[in-house]
Protein chains: 2
Amino acid sequence: MLPCVSEASWDRSGCSVAGTLAVVGEKWSLLVLREAFLGVRRFADLQRTLGAPKAVLSDRLATLVEQGVLTRVPYQAEGERQRHEYRLTPKGRDLYPTLVALMQWGDRYLADGGVAPLELRHGDCGAPVTLQLVCAEGHRLTGPREVHPVPRSTAASAG
Amino acid sequence: MLPCVSEASWDRSGCSVAGTLAVVGEKWSLLVLREAFLGVRRFADLQRTLGAPKAVLSDRLATLVEQGVLTRVPYQAEGERQRHEYRLTPKGRDLYPTLVALMQWGDRYLADGGVAPLELRHGDCGAPVTLQLVCAEGHRLTGPREVHPVPRSTAASAG
DNA sequence: CACGATTGGTTCGTCAAGTGAACCCAGCAG
DNA sequence: CTGCTGGGTTCACTTGACGAACCAATCGTG
């Protein structure tokens with residue numbers, strides 16, 4: 001049995017998972033971010049690579065900008081009119097592990113023919129990159145069984 | 001600038017991120033899994049802790065079972081009628097990093113008063129647990145800038 | 001056996017969200 | 001002025017989420 005928090009009787013409001021999903025959990029949002037991490041920045045390119053309806057894409061970009069995950073920056077290539085592009089902010093860049101986690105699971109369980117469509121390599125040494133759970137003491141954990149969730153809710157002392 | 005794959009001209013169909021989101025990307029799915037990792041297993045408890053409509057919860061549980069992320073196992077406590085509960089499969093347990101990634105981002109950017117509502121500790125040593133990007137050579141990476149995505153699409157040799 | 005309580009759902013009407021096609025505007029080329 | 005392209009908005013339609021009501025199986029009680 002997994003270590004559980006007294007059969008899960010703590011306050012779920014303010015849960016970080018729910019909060020994050022409120023920001024990037026709508027349809028297409030995480031796929032927009034995938035494209036952003038791949039270097040796609042312009043509306044038309046996003047629309048083409050994603051295949052999302054323009055109205056939805058427009059809305060998702062607006063909320064991601066509003067949330068500070070992307071910024072909309074105008075730029076002008078020489079001899080061309082001014083355009084603008086969507087770029088990851090540091091806040092948005094910190095969603096990288098989330099995308100990688102989703103990708104790794106899909107690579108393991110959904111890959112056709114056992115071959116992942118995209119590999120991540122360390123830019124310096126070229127070795128494949130993975131996400132891992134580690135503790136501050138440097139121990140590597142293999143899964144949720146080795147993890148102890150500890151609630152620190154402000155008002156839950158009377159739990 | 002992030003390292004990008006020739007301005008992102010590879011085949012997105014079969015993308016593992018999209019595939020994973022097709023399995024767990026609907027509303028409530030990842031929150032159901034959060035509860036599962038916290039040890040909540042019964043329909044009524046899920047419904048209470050999540051606050052999701054029963055119809056939606058029922059549908060999400062059915063698809064998660066269908067996808068092999070959860071199993072529906074009957075059990076009978078002594079002196080009680082038979083019930084059934086939803087348990088994580090190994091496939092479901094491997095979604096743990098995804099949940100942790102979402103939680104860590106929320107802890108960093110959404111926590112009221114800078115205090116995360118839930119802390120993860122290593123069961124053995126009690127030290128806080130985090131998700132980290134590491135390469136096979138053991139180097140720790142700090143973000144997407146140090147990662148090189150390499151497409152391995154079967155039909156994309158003519159990219 | 002009938003009665004009510006509990007678990008674990010389904011059904012239904014309503015409202016929000018996603019979808020695709022069409023349209024719109026600015027700026028540049030000719 | 002016309003046409004083309006990027007970056008959207010508007011609209012009609014379909015799908016999905018929501019909450020309340022209802023339903024079936026099972027148990028303890030009388």
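Rule-based calculations on the coordinates, nothing more; no lab input. Computed from a predicted structure; not experimentally measured. A quick note on method: Cβ atoms are made from the backbone with ideal geometry, for glycine too, and the neighbour counts reach across all protein chains shown.
Neighbour counting of Cβ atoms within 10 Å sorts the residues A:Asp124, B:Asp45, fewest neighbours leading, into A:Asp124, B:Asp45. In the assembly of identical copies, A:Pro53 has its label point, taken 7 Å from Cα in the direction of the beta carbon, separated from the corresponding points by 1.9 nm (ascending, one decimal).
Between region B:13-39 and region B:119-142, the C-alpha centres lie 22 angstrom from each other. Label reach from A:His139 (point 7 Å along Cα→C-beta): in region B:100-142, amide nitrogens under 18 Å belong to B:119-132. Backbone amide hydrogens, once placed in the peptide plane, bring B:Leu70 within less than 5 Å of B:Val65, B:Thr89, excluding anything fewer than 5 places away on its chain.
Close amide H contacts of B:Leu141 (hydrogens built in the peptide plane, cut-off under 5 Å, sequence separation of 5 or more or a different chain): B:Leu133, B:Val134, B:Cys135. Legend: calculated FRET efficiency, A:Gln47 to A:Glu119, from the Cβ-Cβ distance at R0 = 25 Å, rounded to 0.05, equals 0.40.
Modelled label positions at A:Lys91 and B:Gln76, each set 7 Å beyond Cα in the direction of Cβ, lie 5.5 nm from each other. What is the local net charge at B:Glu66, summed over the other residues whose Cβ is closer than 14 Å to its Cβ (Lys, Arg +1; Asp, Glu -1)? Net of charged neighbours comes to +1. Look at the dipole of region B:43-159 built from charges on Cβ: of B:Pro53, B:Leu120, B:Val134, the Cα furthest out on the positive end belongs to B:Pro53.
The Cα-based radius of gyration of the protein assembly as shown, divided by its Kirkwood radius, gives an Rg/Rh of 0.98. Between this copy and the others, label points of B:Val115 are 5.3 nm apart in ascending order, each placed 7 angstrom from Cα in the Cβ direction. Fewest neighbouring Cβ atoms within 10 Å first, the residues B:Lys91, B:Lys27 line up as B:Lys27, B:Lys91.
For the rotation carrying B onto A, the chain B residue whose Cβ lies nearest the axis, with the distance in whole Å, reads B:Ala101, 2. Coupling constants for region A:133-142 follow from the phi torsions by the Karplus curve (6.51 cos²θ - 1.76 cosθ + 1.60, θ = phi - 60°), and in residue order they are 8, 9, 9, 5, 7, x, 6, 8, 9, 9 Hz; glycine and proline get x.
Scalar couplings 3J(HN,Hα) for region B:109-124, obtained by applying the Karplus form with A = 6.51, B = -1.76, C = 1.60 to θ = phi - 60°, are 10, 10, 5, 5, x, x, 10, 6, x, 9, 10, 9, 10, 5, x, 6 Hz; x denotes Gly and Pro. Ranked from shortest, the separations from the 7 Å Cα-to-Cβ label point of A:Val73 to its equivalents in the other copies are 5.2 nm.
Here the Karplus relation 6.51 cos²θ - 1.76 cosθ + 1.60, evaluated at θ = phi - 60°, turns the backbone of region A:43-48 into coupling constants of 3, 5, 5, 4, 4, 6 Hz, with x for every Gly and Pro. Once you've got the GNM for chain A with C-alpha springs shorter than 10 Å, pick whichever of A:Thr49, A:Thr142, A:Thr130 has the biggest mean-square fluctuation. Greatest mean-square fluctuation among the candidates belongs to A:Thr142.
For B:Leu120, the residues 5 or more places off, or on other chains, whose built amide H falls under 5 Å of its own are A:Val150, B:Val129. Shape verdict for region A:57-157, please, from the Cα gyration tensor: rounded (a/c under 1.5), prolate (a/b greater than b/c) or oblate. Verdict is oblate for region A:57-157.
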